[in-house]
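To keep things clear, I will list the structure first and then write my remarks on it.
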């Protein structure tokens, strides 16, 4: 590379930066996006948990716009994260699950599922890449799970992000190629928070994008010893508190969020958009989300409804609550609008900007929310997930929500389930037979959407399927 070329490249970067920050009256906001792993909708005090202790998040909720009906783009880790960072539906990026799509016992799978894509293609234009072009410094700290290194997807820095879906240990040594081991016994969530605070301190003079996808509270369940002992003494309540390590990890995560908010305040970074959410619902057998049904991996409400808080101290002066249904697909267009950046011409975004709702309380027009999952996910524990059947959290199908109505369609036998969430949040009363017109209305919208998206609908019979198959139960030792 010649010196002249280097000089030209530097000049272009400087000019791009000046063009987006030249108006000193409207400096670019910082962005802190905290995406907790497997945190259920009701695993936080501000959504009604009477068991887990989340004082920092509860305080943040009182300073934020709180979404009571927020959803992940998918019911488990990798597809949800791909939806968030790409702004696109699973049908576009092809990531439907983690690993293979033919999970569970072959004798119980009636059809051949759609093959799964395991990594987000580098050709995807991500949120980080769009912000980078506007002069943002970006970092991903924690779980990536969309490829080997988030730096191939527009992030300037990577701390602890790999293609793995969970850490080998929450205590140092971590055995993570992108995270230097700390002192023996150092706790991973604390360490990632230290790294986030260091990044904030080092970049406070310029706009930054801090993506903080904590590994916690994903397995392996390993809490700090003192907190584990604390929760061993605390009686479980409402189906929560089944595992003291899980509870300890929730409390540690909450304390970490508190530390980050405190550092933003100490550095007087009020011009910071803070988004707090989870990648999917909680694991059902570990922490019930009642009245929501089921949990991670299921497309009942417990698997896809998640906590969501958005705070922007310098712009959103009033904290309030909204029951507007939204998904993490909306983050990409919302952030672009709040930052004042146009969508790249070649980029398709499947979400909708929430900027008008956030800034001016402009109601969103009613729209269908759709999930497509042409794959199988086996049950965590046979009969213990509150799912449609005992063997799977999910069988191939699609789901649509429009207004208060939600329709599940399952491809194996064209099974239909219709629920009115306003009257039956727990999805217990299937109204498909009683409400044929509403069922067909939603099914028609779903079919049209699948056609427009060229969504795969698996139909090929599985030769290994055995009608009436019941797996042998393992003997308890």
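From the square roots a ≥ b ≥ c of the eigenvalues of the alpha-carbon gyration tensor of segment 311-361, which class results: rounded (a/c under 1.5), prolate (a/b over b/c), or oblate?
Oblate, since a/c reaches 1.5 and b/c is not below a/b.
Taking the Cα atoms only, what angle lies between the long axis of helix 77-86 and the longest principal axis of the chain, rounded to 10 degrees?
That helix lies at roughly 40 degrees to the long axis.
With each pseudo-label sitting 7 Å past Cα toward Cβ, what's the residue 314-residue 464 distance in nm, one decimal?
Each label point is offset 7 Å from its Cα along the Cβ direction, giving 5.6 nm.
Quick check: the angle from helix 436-453's long axis to the longest principal axis of the chain, C-alpha only, nearest 10 degrees?
50 degrees
By count of other Cβ within 10 Å, fewest leading, how are 453, 249 ordered?
Listing 453, 249 from fewest to most nearby Cβ atoms yields 453, 249.
Between residue 389 and residue 186, what length in nm is gained on full extension when 0.36 nm per residue of separation is reduced by their alpha carbon distance?
69.0 nm
Please rank 42, 296, 148, fewest neighbouring Cβ atoms within 10 Å first, as an exposure proxy.
148, 42, 296
So if I take the centroid of the Cα atoms in segment 253-322 and the same for segment 137-162, what is the distance between those two points in Å?
First find each Cα centre; the distance between them is then 21 Å.
Relative to a virtual label point 7 Å from the Cα of residue 359 in the Cα→beta-carbon direction, which members of segment 48-87 show backbone nitrogen distances below 15 Å?
The answer is none, because no backbone nitrogen lies closer than 15 Å to the label point.
By the gyration tensor of its Cα atoms, with a ≥ b ≥ c the square roots of the eigenvalues, what is the shape of segment 370-453: rounded for a/c under 1.5, prolate for a/b over b/c, or oblate?
oblate
In nanometres, what is the gap between the two model label sites at residue 345 and residue 448, each 7 Å from Cα along Cα-to-Cβ?
Distance between label points: 3.0 nm.
Could you tell me the center-to-center distance, by alpha carbons, between segment 430-450 and segment 26-49 in angstrom?
Between the Cα centre of segment 430-450 and that of segment 26-49, the gap is 33 Å.
Taking the highest mean first, how do the peptides 351-362, 270-281 order by number of other beta carbon atoms within 10 angstrom per residue?
Result, highest mean Cβ count within 10 Å first: 270-281, 351-362.
What do you get for the angle between helix 244-266 and the principal long axis of the chain? Use alpha-carbon atoms, 0 to 90 degrees, nearest ten.
Compared with the principal axis, the helix lies near 30 degrees.
State, to one decimal in nm, how far the label point of residue 236 lies from the label point of residue 433, with both points 7 Å from Cα in the Cβ direction.
Going from the residue 236 label point to the residue 433 one covers 3.4 nm.
For 424, 345, what ranking results if the residue with the fewest other Cβ atoms within 10 Å of its Cβ goes first?
Fewest to most other Cβ atoms nearby, the residues stand as 345, 424.
For mean projected area of the Cα convex hull in nm², one of (i) 28.5; (ii) 25.1; (iii) 41.2 was computed from the structure I shared and the rest are decoys. Which label?
Computed from the coordinates, mean projected area of the Cα convex hull in nm² corresponds to (ii).
Bear in mind these aren't lab numbers, they're just calculated from the coordinates by the rules spelled out. Note that the structure is predicted; figures quoted are calculated from it, not measured. All Cβ positions, glycine included, derive from the backbone under ideal geometry; neighbour counts span all protein chains shown.
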